[in-house]
DNA sequence: CGGACAGTTTGCGATAGCGCAAAACGGGCC
DNA sequence: GGCCCGTTTTGCGCTATCGCAAACTGTCCG
């Protein structure tokens, strides 16, 4: 089993308040694994046997309806935890996790959780805050879906992605993993057609540069304006 | 300060795993208060100085945009906690809480939380599960908003309310607190006009009986059908 | 008992966004 | 180098839902 250097993960929010010497004990309970691009890490509805910490790569968490429609719950960036079903008392994963890029994760067995938080209460506190933050983001998303039109929601979504996983280029910010129009549609509650139209429009205005599963924000500032504008403002 | 009988709250999920004799210690740190109908318990953005447990009545948690639009985050039923900002590491309340009926709550100072969970770790675990459940509900709501049309969403919302706070009558289930079309609109991401039209339609089909801030589901089963139907099914 | 008002109903255009379908595109693979 | 497939683009008609406006109604208050 690969040994993980504590210094690589010590600064993560999950481990805030855990002493360096203790950290080693926590990591000892984990194993690491690599998931190639486009492979599933776990499936919605499966037994929640493990929880995860993403070290490298990017993971998409998506939820599927009985009738097959999907939404993207979130994109997981390196340093974030996912698959926390057990912490919230769920026996099964409520969503599917897929590596969208070659990804490396740490994996703890669910069964280790009670022992871990007993020994390191900070883990429980930190996880609580993480889940709480996600709840708030979730509410924000509901608020946006309720009050904004599609173009604004797409703008917000891209800005968040850029913020979370943007690679700075001299001519803009590139979203650092493969993402399709369909994915963005599933993040914003619309269709890939509409997303495509919007991005085409932006592209012709020089706001973005985009291609197959690739998006570069050329004018983040002007996209912020789009995201925040009230529905009345008129354009030429 | 009013003394709260432990036996009244011992069975609540919040206190699962807390011994009866310990429970008294937890309650000793709280005070109780009564909020008349339509009064605010806390405002979005205010310092999160307390957290709450609802004993009687009903509370609406709502989030407001900078531009004044609102959504209903949830309705709190007796026995549920709310205002947990501190547990999730937020210094300010992310939403406003309003008593929709005369309500009685237990109030703990935020500052007591660290001490409480240290002494009674079960509180932390239980709260974690509560927040986790809310996160999942939130995702479900996003899924619905993304994939279903308004009528189905309204059906789901009413069924949930009936389930959570329904009073059984011989001729149906009544939602046990005052709720307006506007409120339902803010739960489902639509307008009060559309909700009104939908309820009028249902009323003329005998599915519901409704009036000023009052809704009775007469035919819950048939409403379930509405909630679950795929968008293609046609009616006579 | 008569307002006054908050909540509700309803009509009628306007339209954002969907859904379908077809074509263009771009990359990787053999 | 050429083929194949998943992704993206775009046109076009359709409609669910909004937005505005006006009328209506049940309740509470004086």
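The values are calculated or read from the model by the stated rules, or taken from the named source; none is laboratory data. All values reported here derive from a predicted model rather than from experimental measurement. We place every Cβ from the backbone using ideal geometry, glycine too, and count neighbours over all the protein chains shown.
Report whether or not residue B:200 is within 15 Å of DNA strand D (Cβ to nearest atom) and part of a strand (DSSP E or B). For residue B:200, the condition - within 15 Å of DNA strand D (Cβ to nearest atom) and part of a strand (DSSP E or B) - is not met. Summed over region A:178-193, residues that are in a helix (DSSP H, G or I) and more than 14 Å from DNA strand C (Cβ to nearest atom) total 1. Restricted to region B:183-213, and to residues there that are buried (at least 16 other Cβ atoms within 10 Å of the Cβ) and farther than 19 Å from residue B:226 by Cα, the residue that is nearest to the other protein chains (Cβ to nearest Cβ) is B:186. Scanning for something touching a helix residue (DSSP H, G or I) at 6+ places or on another chain (Cβ under 7 Å) and over 24 Å from residue A:37 (Cβ atoms), does region A:94-101 turn up at least one residue? Within region A:94-101, not a single residue is touching a helix residue (DSSP H, G or I) at 6+ places or on another chain (Cβ under 7 Å) and over 24 Å from residue A:37 (Cβ atoms). When region A:146-159 is filtered for residues that are more than 14 Å from chain B (Cβ to nearest Cβ) and within 17 Å of residue A:213 (Cα to Cα), the ones remaining, listed by number, are A:155, A:158, A:159. Within region A:82-93, if we keep just the residues that are in contact with a helix residue (DSSP H, G or I) (Cβ under 6 Å, 6 or more places away or on another chain) and more than 9 Å from chain B (Cβ to nearest Cβ), the residue that is modelled with the lowest pLDDT turns out to be A:86. The single residue among B:190, B:147 that is in contact with a strand residue (DSSP E or B) (Cβ under 9 Å, 6 or more places away or on another chain), more than 30 Å from residue B:21 (Cβ to Cβ) and within 12 Å of DNA strand D (Cβ to nearest atom) turns out to be B:147. In this structure, is residue B:156 outside the structural domain of residue B:100 (by TED's automatic domain parsing), near DNA strand C (Cβ under 10 Å from one of its atoms) and either assigned to a helix (DSSP H, G or I) or touching a strand residue (DSSP E or B) at 6+ places or on another chain (Cβ under 9 Å) (or both)? Judged against the criteria, residue B:156 is not a match. Just a yes or no: is a residue in region A:163-177 surrounded by 21 or more Cβ atoms within 10 Å (Cβ to Cβ), more than 14 Å from every other protein chain (Cβ to nearest Cβ), more than 13 Å from the chain's Cα centre (by Cα) and not in a helix (DSSP H, G or I)? Yes - at least one qualifying residue is present in region A:163-177. Among the residues of region B:150-181, those that are free of Cβ contacts under 8 Å to residues at least 12 places away in the same chain and either farther than 30 Å from residue A:64 by Cα or within 12 Å of DNA strand D (Cβ to nearest atom) (or both) comprise B:167, B:168, B:170.
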